[in-house]
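The values are calculated or read from the model by the stated rules, or taken from the named source; none is laboratory data. Not measured: the values here are computed from a predicted model. Glycine gets a Cβ as well: all are built from the backbone with ideal geometry, and neighbour counts include every protein chain shown. Just so you know, the surface numbers come from the protein's heavy atoms only, side chains and all, with ligands and any DNA or RNA stripped out. Shrake-Rupley method; radii C 1.70, N 1.55, O 1.52, S 1.80 Å.
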Amino acid sequence: MLTSHRFGTPRHTTHFLASGPVDGPLMIFVHGWPSIGLMWRAQMDAFAADGWRCIAPDLRGFGGSSAPAAVDAYTVEEAVADMAELHDHLGGEPAVWVGHDWGCCVVGALAAHHSGRSRGVVLTSLAYQPEGHALRTLVPLIDRRLYGADDYPDGQWDYYRHYTTHFETAVADLDADRAASLKSIFRRGDPAAVGTVSPLALVTRNGGRFGAAHRAPPTRPDPALWPPTDFGMLVRAFESHGFRPPCAWYLNDDAALAYARTAPHAGRLSSPVLFIDGDFDQVCTIAGNRQGDPMRAACPDLTVTRMLAGHWLPLERKAEHIGAVRDWLRNKGLR
């Protein structure tokens with residue numbers, strides 16, 4: 001059973017979910033955009049049953065955690081500080097950190113800057129960038145066979161660029177119907193889309209994620225990803241803060257690069273790393289391109305596994321994701 005908690009310091013308040021024995025080894029699950037800690041329910045239930053103390057925080061700007069007004073509050077460095085404070089509150093024993101999407105940026109940076117806090121790192125659907133997660137590190141890795149530089153200068157990361165150039169419009173479009181936005185975003189991967197141009201590469205030329213309508217189309221939620229009750233909680237979380245704080249994460253590239261430069265050993269991760277890749281992920285897959293090269297160079301103990309899933313792999317393939325992490329923990333002697 002998941003229980004809800006809040007932990008606050010003078011600089012930040014984090015809401016987090018917990019399950020499993022309080023004396024079990026720590027496993028901390030960190031979500032990405034646009035999500036909350038509740039996305040990890042299946043994983044937490046499974047690993048709690050295995051004896052782990054499972055923790056899933058809401059990142060700053062999401063869910064029940066603090067949502068500062070300033071855009072520069074949403075840097076990876078600030079999020080790592082949040083997680084370090086939470087980790088201390090939980091006892092500070094080295095943990096296995098599991099991330100998805102922006103959560104991968106946070107747990108990767110935490111392991112790089114605070115190696116003593118990590119026994120192992122699981123990255124799902126977004127490769128670690130030791131020089132910082134920013135357009136300046138991502139764009140050079142684009143597969144130019146699919147995204148010609150003249151037609152697609154930012155490739156699949158065009159949606160990211162759109163935040164930096166049309167932030168207020170991008171947020172307004174998402175906020176126009178928050179429930180519909182979330183329903184349209186959380187969709188399963190499509191095998192037919194492999195090798196085709198991602199819709200997220202067309203955001204700028206379409207005038208926004210939802211084009212001229214500037215609001216999400218009516219969409220039925222996918223209960224295979226989010227159980228209906230949990231999806232209702234996700235929608236209510238976004239009704240509280242809106243999309244502005246979560247989207248502000250995309251506006252701090254300079255800070256991301258500067259913070260990465262301060263990591264010991266050029267961001268090399270000393271702990272074992274598992275990367276779980278979705279074959280149908282049109283933005284973040286490392287299959288058949290160079291996107292995983294910096295991670296491979298910076299992670300000497302790296303395991304990569306692939307699944308037939310899109311970007312929302314932990315939700316699409318819950319049992320398979322759990323199985324992959326269990327196998328890796330066993331193989332690395334981390335239990």
Residues (in contact with a strand residue (DSSP E or B) (Cβ under 6 Å, 6 or more places away or on another chain), open to solvent by 10 Å² or more (accessible area, probe 1.4 Å) and acidic (D, E)) located in segment 249-280: D279
Lone qualifier among M44, M39 - being in a helix (DSSP H, G or I), farther than 26 Å from L251 by Cβ, aliphatic (A, V, I, L, M) and modelled with pLDDT of 95 or more: M44
Segment 38-66, subset more than 23 Å from L225 (Cβ to Cβ), open to solvent by less than 40 Å² (accessible area, probe 1.4 Å) and not aromatic (F, W, Y), residue nearest to the chain's Cα centre (by Cα): R60
Set R215, R178, R209: member being closer than 28 Å to L146 by Cβ, open to solvent by 20 Å² or more (accessible area, probe 1.4 Å), in contact with an Asp or Glu (Cβ under 9 Å, 6 or more places away or on another chain) and of a type in the set (K, R): R209
Residue satisfying condition, being among the aliphatic types (A, V, I, L, M), open to solvent by 60 Å² or more (accessible area, probe 1.4 Å), under 18 Å from the mean Cα position of the chain (by Cα) and at pLDDT 95 or above, within set V283, V304: V304
Subset of segment 307-333 [surrounded by 19 or more Cβ atoms within 10 Å (Cβ to Cβ) and either modelled with pLDDT under 95 or part of a helix (DSSP H, G or I) (or both)]: L313, P314, L315, E316, H321, A324, V325, W328, L329
The lone exception for G288 - which of (1) open to solvent by 30 Å² or more (accessible area, probe 1.4 Å); (2) on the phi < 0 side of the Ramachandran plot it fails: (2)
Only one of R136, R117, R145, R161 that is open to solvent by 10 Å² or more (accessible area, probe 1.4 Å), closer than 29 Å to K318 by Cβ and basic (K, R): R117
Some residue of segment 71-92 being within 30 Å of A298 (Cα to Cα), open to solvent by 10 Å² or more (accessible area, probe 1.4 Å) and touching a Ser or Thr at 6+ places or on another chain (Cβ under 8 Å): yes
Single match in Q156, Q129 (criterion: crowded, with 21+ Cβ neighbours inside 10 Å and in a loop (DSSP other than H, G, I, E, B)): Q129
Filter result (crowded, with 18+ Cβ neighbours inside 10 Å and either basic (K, R) or touching a His at 6+ places or on another chain (Cβ under 9 Å) (or both)) within segment 227-244: R244
Criterion: closer than 17 Å to A248 by Cβ and of a type in the set (D, E, K, R) - qualifying residue of R145, R161: R161
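Conditions (1) within 19 Å of E78 (Cβ to Cβ); (2) in a loop (DSSP other than H, G, I, E, B); (3) within 14 Å of the chain's Cα centre (by Cα); (4) at pLDDT below 95, marked per residue:
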| residue | (1), (2), (3), (4) |
| --- | --- |
| R119 | no, no, no, no |
| H133 | yes, yes, yes, no |
| R144 | no, yes, no, no |
| T169 | no, no, no, no |
| K183 | no, no, no, no |
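Residues are listed down the side, and each one gets a yes or a no for (1) part of a strand (DSSP E or B); (2) under 22 Å from C104 (Cβ atoms):
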{"residue": "T14", "(1), (2)": "yes, yes"}
{"residue": "V22", "(1), (2)": "no, no"}
{"residue": "M27", "(1), (2)": "yes, yes"}
{"residue": "S35", "(1), (2)": "no, yes"}
{"residue": "I55", "(1), (2)": "yes, yes"}
{"residue": "R60", "(1), (2)": "no, yes"}
{"residue": "A69", "(1), (2)": "no, no"}
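Answer yes or no as to whether A201 is in contact (Cβ under 8 Å) with a residue 40 or more places away in the chain and over 20 Å from the mean Cα position of the chain (by Cα).
No.
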Where a residue in segment 104-117 is within 18 Å of A134 (Cβ to Cβ) and of a type in the set (V, I, T) and its partner, wherever it lies, is assigned to a helix (DSSP H, G or I) and open to solvent by 10 Å² or more (accessible area, probe 1.4 Å), with Cβ under 7 Å and at least six apart: V106/V76
